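The values are calculated or read from the model by the stated rules, or taken from the named source; none is laboratory data. The structure presented is a predicted model; accordingly, all values stated were derived computationally and were not measured. As a convention, Cβ positions derive from the backbone with ideal geometry for all residues, glycine included, and neighbour counts pool all protein chains shown.
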Amino acid sequence: MQQEARQLEAELLQRVQWRPRSVRGWGLLQLLWYLVFLQPIISEVHLRRKNVKFLFIRFSAWQYEGSDKLWAGLVTTLCEGIRHHYGALPFSVYSVMGNKPATAPGFCQREWHCRGRVCLALVALVVALGLGVSLLYLSLGSHAQSHSSTHSSVMWVFGGAATTLSGSGLLMAVFSVIKHLFVSQRKKIERLVSKEKFGSQLGFMCEVKKEVELLTDFLCFLEIYQRRRLRVVLEITGLDTCYSDHVVGVLNAINTLLSDCHAPFIFILVVDPSILAACLESSGSMKGTADNGYVFLNRTVTLPFSVPIMGHRTKLQFLHDAVQSRDDLLYREMTRQLRPLSPGGDEGAQLLTRDAQAGAERAQSLIDAEATRRIQQALFCLHDERDCLYEYVPDNLVCMRRIVNTVPITLRLLQQQQRDFGGPTPRQAVAWVVLANQWPCRLSWALQCLEDQQQAGGAHEARARLWDVFRDNSSELHSLTKELHNVLDLDGDPELFQRFLSADFPFTVAEAQNLLRCTVNLDHSIRRRMGLLLAVKALKPPSPPKSPAGDAPHAANGANHTPSAASTAHGASHGASHGASHDPRAARAVTRANPAREVS
């Protein structure tokens, strides 16, 4: 946006004679002169200008999440950003003595109109002040020559009155400007918000709207003064991490600020639309208005822009930058203080202790060096163009950093378990971290099925693939989609999960069990929840089979209602239900859950 603005202004300046005015240095004094004595006119010349300047202001909604009036924080941030960019003095002078831009009738090239009343009033105050001071000076001189002169007393009275009135008028104007210098719009709005009784009334919104209109008029004044269009771009982030009612308040504030067709505001919402739509639908204040959150967003957002899929080179560059940020962990030296030797005791024992400590330090340094090398090797696999692992990393900077931060910890834990550095390779370790980060629900389901098979005494072979375990039990996971709906939303693309485990990284059962001991980025509560659901499902008794002896009496009952047939059917049904309740298969199904889940 800044590049386009500079290009447009450079092309425009080649065709016109005038140049944009500055608001710094000597331009500030000229701006103050224009603010006091001149009134801007919105002419056709100004409306035809194409050069624009963007003023960017960032607003993080999470910073104001603790406030009851989050949208008020949006307005105060907007006012404070403009005040900080142009300075407090110009806006204070405009608040006291500025005049709203007028519209010129017809085609007019004149952009400024002299404020005759202000000039006359200021000249009158200065003349009155000068006259009053002169009369006071003359009265003092006459009084010195003649103490009983009546003429000197009259001059003293008129001179004092003229000086007091003119001086008080000038002092009031200066005092008002100084007051606006110290009491900004942000403090005014915060003071209104702190008044709970006034904050719930309609007058609160009216006062805030007056402040916004004053700010809009000031920007319009600056547009004509600087000879360029001004657009205030407010970047709103963190809104999808706030409460639903606060989200509604911010969107309403945006609609309020954009209600004026001439408002020079552009809002950029950096949010997840699915979360925002859910907040709108769940908010109690939007019932009947935003039953469909996506429809409400379509009515609010005038230019939807979805960030496209990250390119090949861009993803590798971001992964490389994320890895480079972990250099402090990779190359940090591990320092240990030696225990001081006791002054007394055998000298030979002390030498043996020192040699043992030196040998332990050398061994530990070798282990640390090897661990650092393996961490570097694992992180290099993430941004290696020849490896396919980066294709499974999401186009999200937060997820990238989460994976990069988890890899060193995982390899350190793997090192503690296997001192000989056997078992999974660094590439397998970083692939396992990506798997746990991208598909926590499906991975937890496969691990839970392995655990249930081991407890039932029918464990899979160590060389069996983890994908085969998931595929064999996927139908049971499908039956629990309603209970695991929120957890399944954490997973990525199912097709990529299949390709990951079946083709590119075919983890075996033995490798999965080794890596599970050092997994830190997989929420184990997901597995516990799955285990409880399986245990509750196993508690349901199977439906009793229909007995042939029970069907015969029903058939005979249609022809001949005999008591003996009825009693026979009842006995058969009772025997069937009794046998089902003592079925050993049901008892084995109940014991699938481990003791930890039963306690839970």
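Here are the numbers:
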{"read-out": "Qualifying position, being in contact with a Pro (Cβ under 6 Å, 6 or more places away or on another chain), buried (at least 16 other Cβ atoms within 10 Å of the Cβ) and not small (Gly, Ala, Ser), among Ile375, Ile403", "value": "Ile375"}
{"read-out": "Those residues of the range 496-538 which are exposed (fewer than 15 other Cβ atoms within 10 Å of the Cβ) and not in a helix (DSSP H, G or I), in sequence order", "value": "Pro506, Arg517, Val520, Asp523"}
{"read-out": "Test: residue in the range 183-201 that is closer than 23 Å to Asn298 by Cα and either among the β-branched types (Val, Ile, Thr) or modelled with pLDDT under 80 (or both)", "value": "no"}
{"read-out": "Positions within the range 453-472 being closer than 16 Å to Leu515 by Cβ and among the charged types (D, E, K, R), in sequence order", "value": "Arg463, Arg465"}
{"read-out": "Verdict on Val323 being over 15 Å from Asp395 (Cβ atoms), outside the structural domain of Met400 (by TED's automatic domain parsing), under 24 Å from the mean Cα position of the chain (by Cα) and at pLDDT 80 or above", "value": "no"}
{"read-out": "The range 1-41, subset under 26 Å from Ala88 (Cβ atoms) and in a strand (DSSP E or B), residue nearest to the chain's Cα centre (by Cα)", "value": "Pro40"}
{"read-out": "Of residues in the range 62-94 being assigned to a loop (DSSP other than H, G, I, E, B) and not basic (Lys, Arg), the one modelled with the highest pLDDT", "value": "Gly87"}
{"read-out": "Any hit, the range 425-446, residues being free of Cβ contacts under 8 Å to residues at least 40 places away in the same chain and out of contact with any Phe, Trp or Tyr (no Cβ under 8 Å at 6 or more places or on another chain)", "value": "yes"}
{"read-out": "Phe470 assigned by TED's automatic domain parsing to the domain that holds Cys388 and surrounded by 16 or more Cβ atoms within 10 Å (Cβ to Cβ)", "value": "no"}
{"read-out": "Wholly enclosed helices (runs of 4 or more DSSP H) of the range 409-473 bearing at least 2 residues under 40 Å from the mean Cα position of the chain (by Cα) and closer than 20 Å to Glu391 by Cα", "value": "426-438, 440-455"}
{"read-out": "Test: residue in the range 343-364 that is of a type in the set (Lys, Arg) and either at pLDDT 85 or above or outside the structural domain of Arg427 (by TED's automatic domain parsing) (or both)", "value": "no"}
{"read-out": "Residue tally, condition in contact with a strand residue (DSSP E or B) (Cβ under 8 Å, 6 or more places away or on another chain) and not basic (Lys, Arg), over the range 202-253", "value": "18"}
{"read-out": "In the range 474-495, the residues that are free of Cβ contacts under 8 Å to residues at least 60 places away in the same chain, within 21 Å of Tyr392 (Cα to Cα) and assigned to a loop (DSSP other than H, G, I, E, B)", "value": "Asp489, Leu490, Asp491, Asp493"}
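Yes/no matrix, rows are residues, columns are (1) over 52 Å from the mean Cα position of the chain (by Cα); (2) assigned to a loop (DSSP other than H, G, I, E, B); (3) modelled with pLDDT of 75 or more:
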| site | (1), (2), (3) |
| --- | --- |
| Val96 | no, no, yes |
| Gln109 | no, yes, no |
| Arg117 | no, no, yes |
| Ala124 | yes, no, yes |
| Ser142 | yes, no, no |
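Per-residue answers, yes or no, for (1) surrounded by 13 or more Cβ atoms within 10 Å (Cβ to Cβ); (2) touching a residue at least 40 places away in the same chain (Cβ under 8 Å); (3) out of contact with any Phe, Trp or Tyr (no Cβ under 7 Å at 6 or more places or on another chain); (4) farther than 23 Å from Arg58 by Cα:
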| site | (1), (2), (3), (4) |
| --- | --- |
| Phe218 | yes, yes, no, no |
| Leu230 | yes, yes, yes, no |
| Leu234 | yes, yes, no, no |
| His246 | yes, yes, yes, no |
| Phe267 | yes, no, yes, no |
| Cys279 | yes, no, yes, no |
| Gly311 | no, no, yes, yes |
| Thr314 | no, no, yes, yes |
